[in-house]
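Undergrad: Before we start, here is the structure in question, set down as structure tokens.
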Amino acid sequence: MERLTQFRQLLSEGKFDGFVVTAPASRRYLSGFTGSSGVLVINREEAILLTDFRYLDQAAEEVKDSGFQVKEHKPQVWETVAAEIMRICSGGRSRWGFESEHLVEKNYRALYERMECCVLTPTEGFVNRLRRKKSAAEIAAIRKAVQITDQAWARLLPELKPGRTEKEIAALFEYFQRDLGAEGTSFPTIVASGPRSALPHGVPTEKKLEAGELLVLDGGARYDGYCSDFTRTIVVGAAPTAQQQELYDLVLRAQETALAGMRAGMTGKEVDALARGVIAAAGYGERFGHGLGHSLGLQIHEPPRLSLTDETVLEPGVVCTVEPGIYLTDWGGIRIEDVVVITEDGIENLTNSPKTLTI
Ligand SMILES: [Mn+2]
């Protein structure tokens, strides 16, 4: 109920009479409903979750503390959504918001054509204004997801041997996370070895690990709906070369600089610059071609981001990744990623796995 009250406050501030929520994570955040399909129709007086027959019992149970009532929609969902909006507005002119980053054109059109007197106004990141600041319960769920990933990594280390394929490593990591209590992965695991590690999002292949190669693993768990995100880079079955060690130390120094300097009140752009400055000063700025990090929660990537362009001021309660990297085509890549919470007086780093190139 508290989230619905806060959301209605946002509606007032945005001069909206009502709002249609379609993004699954926003739907879950506001109503508690975890099913895969449904639309929220919210105004000052009413809050309705429209879903289909499969979910009616589950939805009734899940939304009971959230202030929403559950209704079944017809096979043509937008017909029901529009009819509910018309009923709520009783023919009066009103202004309704929707999530423009989620509602696809086909569905927008289906709704728009039936809206008659109501105006549909696009918004971006609207529900995220609430979602970006995590509650203690949300931070606890993310902490648990991060712990699962840390423990899965510790179990995986003895398996990172020459001869294993990238796909086998990804499968083991995902199995270990599940075995430790994860609901699933927060995204498909990235395992990239040798020159392939220069692909920041390398999909695991049948390639076998070879001694002396770099291996980048980027993965995460989902716990109680919340995500973790984690990257470590190691050298497989051999001592690192001087160049591997030098670039690893540079990426680590960039990450440590950001972790030590970031705090509430800074923008995402300013935090990104802390790490980017270290990498650029060493001459590798062009090889760090992605942002320093992103928020996460019910989704693996949420705003605000730590990037060259995000000017959102970070508040206590924002949970984000810090993941600098350097990628050299045909040589390989290095990335190190932790998940941190912005606190009143700095950060808390939730990730505890060691950061060493040699295992
Ligand atoms: Mn990440």
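Rule-based calculations on the coordinates, nothing more; no lab input. Computed from a predicted model, the values in this text were never measured in an experiment. All Cβ positions, even for glycine, are placed from backbone atoms using ideal geometry, and neighbour counts span all protein chains on display.
Undergrad: Kindly provide the set of residues from region 274-309 that are in a helix (DSSP H, G or I) and in contact (Cβ under 8 Å) with a residue 24 or more places away in the chain, ordered by number. Even if it seems obvious, please write down each step before you answer.
TA: We begin by selecting, within region 274-309, every residue in a helix (DSSP H, G or I); these are 274-281, 285-287.
ALA275, ARG276, VAL278, ILE279, ARG287, listed by residue number.
Undergrad: If you don't mind, another one. In region 220-232, what residues are within 16 Å of the ligand (Cβ to nearest atom), more than 29 Å from ALA281 (Cα to Cα) and assigned to a strand (DSSP E or B)? Walk me through it before giving the result.
TA: Taking region 220-232 and keeping what is within 16 Å of the ligand (Cβ to nearest atom), we get 220-222, 226-232.
When the remaining residues are screened for being more than 29 Å from ALA281 (Cα to Cα), the result is 220-222, 226-228.
Answer for region 220-232, where residues must be within 16 Å of the ligand (Cβ to nearest atom), more than 29 Å from ALA281 (Cα to Cα) and assigned to a strand (DSSP E or B): ALA221, ARG222, TYR226, CYS227.
Listed here are the residues, each with its yes/no results for (1) within 16 Å of the ligand (Cβ to nearest atom); (2) among the aliphatic types (A, V, I, L, M); (3) surrounded by 18 or more Cβ atoms within 10 Å (Cβ to Cβ).
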residue: ILE234; (1), (2), (3): no, yes, yes
residue: ALA242; (1), (2), (3): no, yes, no
residue: ASP249; (1), (2), (3): no, no, no
residue: ALA254; (1), (2), (3): yes, yes, yes
residue: HIS290; (1), (2), (3): yes, no, no
residue: LEU296; (1), (2), (3): yes, yes, yes
residue: PRO304; (1), (2), (3): yes, no, yes
residue: GLY325; (1), (2), (3): yes, no, yes
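Undergrad: Something else about it: With under 20 Å from LEU199 (Cβ atoms) and touching a helix residue (DSSP H, G or I) at 6+ places or on another chain (Cβ under 6 Å) as the only criterion, which of LEU250, LEU306, LEU292, LEU274 stands out? Before the answer, list the steps.
TA: Values: LEU250 fails: touching a helix residue (DSSP H, G or I) at 6+ places or on another chain (Cβ under 6 Å); LEU306 fails: under 20 Å from LEU199 (Cβ atoms); LEU274 fails: under 20 Å from LEU199 (Cβ atoms).
Only one candidate qualifies: LEU292.
Undergrad: Follow-up. Can you tell me which residues in region 152-162 are surrounded by 15 or more Cβ atoms within 10 Å (Cβ to Cβ) and either in a helix (DSSP H, G or I) or under 21 Å from the mean Cα position of the chain (by Cα) (or both)? Full working, then the answer.
TA: Initially, region 152-162 is screened for residues surrounded by 15 or more Cβ atoms within 10 Å (Cβ to Cβ), giving 152-153, 155-156, 160.
ALA152, TRP153, ARG155, LEU156 - these are the residues of region 152-162 that are surrounded by 15 or more Cβ atoms within 10 Å (Cβ to Cβ) and either in a helix (DSSP H, G or I) or under 21 Å from the mean Cα position of the chain (by Cα) (or both).
Undergrad: Identify, from the list THR149, THR165, the residue that is surrounded by 20 or more Cβ atoms within 10 Å (Cβ to Cβ) and of a type in the set (S, T, N, Q).
TA: THR149
Undergrad: Can we say VAL278 is away from the ligand (no atom under 16 Å from the Cβ) and either surrounded by 19 or more Cβ atoms within 10 Å (Cβ to Cβ) or on the phi > 0 side of the Ramachandran plot (or both)? I'd like the intermediate steps shown before the answer.
TA: Values: away from the ligand (no atom under 16 Å from the Cβ): yes; either surrounded by 19 or more Cβ atoms within 10 Å (Cβ to Cβ) or on the phi > 0 side of the Ramachandran plot (or both): yes.
Criteria met by VAL278.
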